[in-house]
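Working notes for the structure below.
The values are calculated or read from the model by the stated rules, or taken from the named source; none is laboratory data. Note that the structure is a prediction, hence the values are computed from the model and not measured. Here the Cβ is made from the backbone with ideal geometry for all residues, glycine too, and neighbour counts use every protein chain on show.
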Amino acid sequence: MARLTKYDHFTLRDKIHEASLRAHELAEHLRLSFVPKVHGLRKVSRAQNLDLDLPPVEDLSIRHQAAAVLEANQYTDGLSEQTEILLEAISTAISKLASTGIPH
């Protein structure tokens, strides 16, 4: 049995539009937020080059950067889930149309 979603009352066109918006939002979030935060964590967590006379990175800095990545990941998961729900709703709607026939 299919689970009910807030998108069940949407038309197929609206479902496709919403899925497109969510996919775009997810792509932008990954490009502008998630990936830069992961790169920042990677940068601060690397072993320091002792030849450069740079102060060592404190554990607190790494923890803050890791927390930012985890927060961005939660947002990513939410967007992914919304997109997946919409795509499932689109698939279900198309299957119903295909099985009942599309009126001319």
In the stretch 63-89, residues that are out of contact with any helix residue (DSSP H, G or I) (no Cβ under 9 Å at 6 or more places or on another chain) and among the hydroxyl-bearing types (Ser, Thr, Tyr) total 0
Of (1) touching a Pro at 6+ places or on another chain (Cβ under 7 Å); (2) modelled with pLDDT of 90 or more, Ile90 fails just (1)
Taking the stretch 45-78 as the search range and keeping residues that are of a type in the set (Asp, Glu) and at pLDDT 95 or above, which one is surrounded by the most Cβ atoms within 10 Å (Cβ to Cβ)?
Glu71
Filtering the stretch 63-90 for residues that are touching a residue at least 12 places away in the same chain (Cβ under 8 Å) and within 12 Å of Glu18 (Cα to Cα) leaves a count of 8
